[in-house]
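The values are calculated or read from the model by the stated rules, or taken from the named source; none is laboratory data. Small disclaimer: the values here were computed from a predicted structure and weren't measured. In this analysis, Cβ positions are derived from the backbone assuming ideal geometry, glycine residues included, and neighbour counts consider all displayed protein chains. The area values use the complete protein model at the heavy-atom level, side chains included, leaving out ligands, DNA and RNA. Shrake-Rupley method; radii C 1.70, N 1.55, O 1.52, S 1.80 Å.
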Amino acid sequence: MLVNGKWTADWQPVQATDEKGGFVRQISGFRNWITPDGAPGPTGESGFAAEAGRYHLYVALICPWASRTLIARALKGLEEAISVSVVEPALTDEGWRFGDYPGSDRDSVNGATYMHEIYTRADPHYTGRATVPVLWDKQRGGIVNNESADIVRMFNSGFGSLADPAFDLYPEALRGRIDALNDEIYPRLNNGVYRAGFATTQLAYEEAFADIFSMLDALETRLSEQGPYLFGDALTEADVRLFVTLVRFDAAYHGLFKCNLRRLKDYPALSGYLTQMLTVPGIRQTVDIDHIKRGYYSIKALNPGGIVPVGPDLPGLAPVVLEDVRTKELAHG
């Protein structure tokens, strides 16, 4: 992580724990908002007006938080207005790196090699982890925001006429219910899988494990009784936030993070929901299972040998073909 602007130690997945040995996530440090006229948002300062070509999004395709923002960008038709750089999937000793792995990019905006360099360009004395996503302001040369929940809402309503109104991910009539459901799903499932995977005690792991599967059970019931989305026919940000966890569940969390009571494919309604989400134009293009598996299984603390699993087959995604896997491995060494 960075301490006073200097990289101090090899990257580690756990930077802090609670009194039970549970994983504690870092709080995002940049919380400015883009608005149609540049007025202040809920947090931060003013001056970030919606403009095509001004903003750049840094993401990792393995990361569910970053993928939230990619989906919102796609659903709101902002691909031409907001440029993107994708880091390589494997986590290095200095964290996220830009490069030439298929599906990844060099940093065309700042010329950085590592994501932590973006943070120190914005704040030469920054202390903390260099996380994704990051929304960068090319005009000011700094970070607008590095909190995915904020960025999703900015893309939904902060770009005014630049955005496609076909989807309203945070409709006013549902806001209270969306917030309540987000507040239930996030600690138990979205972050629950990390609480299980990065727990440092048996107690912390088992508490997280129980939260994960009680939440999945509740969502299975909800979706079997109403659908196709969490709020019936309306696709909202709650669906985006749930989807990015579900699409990674069998490929990474079930095995690597020891969330192995059931697979997602053992839940009929959730599996159908995942398939339905993948048919929404723009969403499938944000999912790269190769990046997801190579990224998670590069975490040395959990998988010191670095072996990446071949499976599983996932609902709604292309099936695993062993000959294709062998060809890809030969091509990339």
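Out of the residues in segment 147-163 that are touching a helix residue (DSSP H, G or I) at 6+ places or on another chain (Cβ under 8 Å) and open to solvent by less than 50 Å² (accessible area, probe 1.4 Å), state the one that is nearest to Thr131 (Cα to Cα). First the steps, then the outcome.
Filtering segment 147-163 for residues touching a helix residue (DSSP H, G or I) at 6+ places or on another chain (Cβ under 8 Å) gives 148-149, 151-153, 155-156, 163.
Among the residues that remain, those that are also open to solvent by less than 50 Å² (accessible area, probe 1.4 Å) are: 148-149, 151-152, 155-156, 163.
Details: Ser148: 10, Ala149: 14, Ile151: 14, Val152: 16, Phe155: 19, Asn156: 22, Ala163: 26 Å.
The selected residue is Ser148.
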For segment 202-228 the number of residues that are in contact with a strand residue (DSSP E or B) (Cβ under 8 Å, 6 or more places away or on another chain) and surrounded by fewer than 20 Cβ atoms within 10 Å (Cβ to Cβ) is 1
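From the list Ala199, Ala166, Ala173, pick out the single residue that is assigned to a loop (DSSP other than H, G, I, E, B), small (Gly, Ala, Ser) and open to solvent by 60 Å² or more (accessible area, probe 1.4 Å).
Ala166
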A careful count of residues in segment 229-272 that are open to solvent by less than 30 Å² (accessible area, probe 1.4 Å), under 30 Å from Pro165 (Cα atoms) and without any contact (Cβ under 8 Å) to a residue 60 or more places away in the chain gives 10
Of Ala173, Ala149, the only residue that is hydrophobic (A, V, I, L, M, F, W, C), out of contact with any Ser or Thr (no Cβ under 8 Å at 6 or more places or on another chain), over 30 Å from Ala208 (Cα atoms) and modelled with pLDDT of 95 or more is Ala173
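In the list Trp33, Trp65, which residue meets the criterion of being hydrophobic (A, V, I, L, M, F, W, C) and within 24 Å of His291 (Cβ to Cβ)? Full working, then the answer.
Details: Trp33 fails: within 24 Å of His291 (Cβ to Cβ).
The match here is Trp65.
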Can you find a residue that is in contact with a helix residue (DSSP H, G or I) (Cβ under 9 Å, 6 or more places away or on another chain), surrounded by fewer than 18 Cβ atoms within 10 Å (Cβ to Cβ) and not in a strand (DSSP E or B) anywhere in segment 45-64? yes
